[in-house]
Amino acid sequence: MTTVLQTLTLVFDPRGRCNRKGLLVLMLVTLFLQSGFGALVFGLGLALNGPVALVIKLTFVWVAISATVQRLHDIGKSGWWLLAAITGLIVWIALWGGIVPLAVAMNYGVEHVRLFSPLFYVFVVISYLPVIAGALWLHFRKGEDVANRFGPVPNGTGFARCQRPEPVRSHTSDALPA
């Protein structure tokens, strides 16, 4: 039980490291929990909005961000890479989900980019390519085999807490000079 609680605390803390196994297990557990919440909400006929739903959704988003940052730490990269990736993704989606379809519609007609048209699906697939590539890279990239600046090598749970370095102590005597 202690290991489960320790792992849960590691999941919510973006400091430290998460290896491929930890990320895969966490994503499967998250998918299971999200499906369970979805089935519960659908089964009870509840609306998926309001403050409780918002807290649940934000919790899942935080776990995903935390795990991604920890996985970046495991491969020796800063968590700031996630912000760079999100920025690039926004630009990519704006280009392939907005600018290029708009240009096609203006030059060749709206019917080419209408909902459910073949070109619509091409743009959707192209928009998701960076997300799929990034997820595959995170899942398949081998982590560093040694402790790095983000923490020790993850243990059997797939997670490792960032250990703060001990303050450097002077080896001189604490005695006052005579």
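Placing unit charges on the Cβ atoms of the charged side chains and taking the dipole of the stretch 21-158 about its Cα centre, the candidate lying farthest along the positive direction among 99, 118, 55 is 55. Assuming charge only on the beta carbon of Lys and Arg (+1) and of Asp and Glu (-1), the dipole of the stretch 1-74 about its Cα centre is about 200 debye to the nearest 20. Seen through its C-alpha gyration tensor, with square-root eigenvalues sorted a ≥ b ≥ c, the stretch 79-145 comes out prolate because a/c lies at 1.5 or above while a/b is bigger than b/c.
What's the FRET efficiency of residue 115 with residue 39 using the Cβ-Cβ distance as r and R₀ = 25 Å, to the nearest 0.05?
For residue 115 and residue 39, the calculated efficiency is 0.35.
Go through (1) 18.4; (2) 16.5; (3) 19.7 and flag the label whose value is the computed Kirkwood radius over Cα pairs in Å for this structure. After the calculation, the listed value that fits is (3).
For the stretch 1-95, the gyration tensor built on C-alpha atoms gives an oblate shape. Its axis ratio a/c (a ≥ b ≥ c) is at least 1.5, and a/b is not larger than b/c. Evaluating 6.51 cos²θ - 1.76 cosθ + 1.60 at θ = phi - 60° for every residue in the stretch 116-122, the Karplus couplings come out as 6, 7, x, 5, 4, 5, 4 Hz, glycine and proline recorded as x. Would you please classify the overall shape of the stretch 47-113 from the alpha carbon gyration tensor, given that a ≥ b ≥ c denote the square roots of the eigenvalues, rounded means a/c under 1.5, and beyond that prolate means a/b larger than b/c while oblate covers the rest? Since a/c reaches 1.5 but b/c is at least a/b, the shape of the stretch 47-113 is classed as oblate. Once you've got the GNM for the chain with C-alpha springs shorter than 10 Å, pick whichever of 59, 157, 68 has the biggest mean-square fluctuation. Residue with maximal mean-square fluctuation among 59, 157, 68: 59. Charged side chains reduced to their Cβ positions (Lys and Arg at +1, Asp and Glu at -1) give the chain a dipole of some 180 debye around its Cα centre. Highest-first packing order for the peptide set 95-104, 20-29 is 20-29, 95-104, based on the mean count of other beta carbon atoms within 10 Å.
Every number in this text was worked out from the coordinates using simple rules, so none of it is lab data. Given the structure is predicted, the values throughout are model-derived calculations rather than measurements. Every residue, glycine among them, receives a Cβ derived from its backbone with ideal geometry; neighbour counts consider all protein chains shown.
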